[in-house]
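Student: Below are the structure tokens for one structure; questions will follow.
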Amino acid sequence: MPQPDERSKGERDMTAMAHEPLTQAEVLLEGFLALDAPEGFRAELIEGEIVVTPPPDGDHEDYINLVSKQVARRSRTDMDFSGNKGLKLESGGACPKNHVIPDGTFAPTERRLFRGAGSWMPCEGVAMVVEVTSTKPQLDRETKRRCYARGGIPLHLLIDREVSSVTLFRDPEGDDYREHCTRAFGKPMELPEPFAFELETAAFL
């Protein structure tokens, strides 16, 4: 004779939940987080697609170095910098959260955002992200820009090597930025508060 299930309703509900199949988004996120990219390669989860990029070339790193040094010397607000910080950002549709690694991430020193942060941290408090076009230029120009806008990151600086220009995107709204300003290499770019200085780009040529 079958015995009645003596477990509480809460226990039965938990058992049922434990056997619920994972959604496609959850499977994708688990697979991404378990991914072991080759040394030096960068793995990101962007709009439901796993993107793996090779190590950057020397010119790519030189641009980042030129920006970070000017910020360290001239920014009105002291900034911390990371060239390899994973950010968790809102995605579009039913995709799992975007997991993006900007070429450069700046945050006010007083906030100490990087201290104690995990491999992937929320983007709240980030002042500016920097991207330099590389092997996937459209990803840098379009897709990542929309990720940063949805995350509410106030400033996004794009260094486009193919067209020798620098573009500053500002005032995020929805999945894009409301304002942008482009300068050719060699022309200064005004960075607003909290940086409040002109970024010199003559050395970019």
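Just so it is clear, none of the values below were taken in a lab; they were calculated from the coordinates. Since the model is a prediction, treat every value here as computed from it, not as a measurement. Cβ coordinates were reconstructed from backbone atoms using ideal geometry, including for glycine residues, and neighbour counts include every protein chain displayed.
Student: Could you give the size of the charge dipole of the chain about its Cα centre, using +1 on the Cβ of each K and R and -1 on the Cβ of each D and E, expressed in debye and rounded to the nearest 20?
Tutor: Details: 25 positive and 36 negative charges, 109 e Å.
Roughly 520 debye, rounded to the nearest 20.
Student: Return the distance in nm (one decimal) between the two label points of a simple spin-label model at T77 and R183, each offset 7 Å from Cα along Cα→Cβ.
Tutor: 2.0 nm
Student: Please report the net charge: other residues with Cβ closer than 13 Å to the Cβ of A117, K and R +1, D and E -1.
Tutor: Here the charged neighbours net out to +3.
Student: Okay, next question. Using a simple spin-label model with points 7 Å from Cα along the Cα→Cβ vector, what separation in nm is obtained for L35 and E162?
Tutor: 2.1 nm
Student: If the convex hull of the alpha-carbon atoms of segment 38-148 is projected onto planes in all directions, what is the mean projected area in square nanometres?
Tutor: Mean projected area of the Cα convex hull: 7.3 nm².
Student: Another question, if that's okay. Give, rounded to the nearest 20 debye, the magnitude of the charge dipole that segment 96-144 has about its Cα centre when Lys and Arg contribute +1 at Cβ and Asp and Glu contribute -1 at Cβ.
Tutor: Values: 7 positive and 6 negative charges, 31 e Å.
Approximately 140 debye in magnitude.
Student: Taking 2.2 N^0.38 Å as the expected size of a compact globular protein, what ratio does the Cα radius of gyration of the chain give against it, to two decimals?
Tutor: The value comes to 1.26.
Student: How many percent of DSSP beta bridges within the chain run antiparallel, rounded to 5?
Tutor: Details: 33 of 41 bridges.
Bridges in the chain are about 80 percent antiparallel.
Student: Placing +1 on the Cβ of each Lys and Arg and -1 on the Cβ of each Asp and Glu in the chain, which of P55, P38, G104 has its Cα farthest towards the positive end of the resulting dipole?
Tutor: Farthest towards the positive end: G104.
Student: In deg cm²/dmol and to the nearest 500, what is the mean residue ellipticity at 222 nm of the chain if only DSSP H runs of at least 4 residues count, each as -39500 (n - 2.57), divided by the residue total?
Tutor: -6500 deg cm²/dmol
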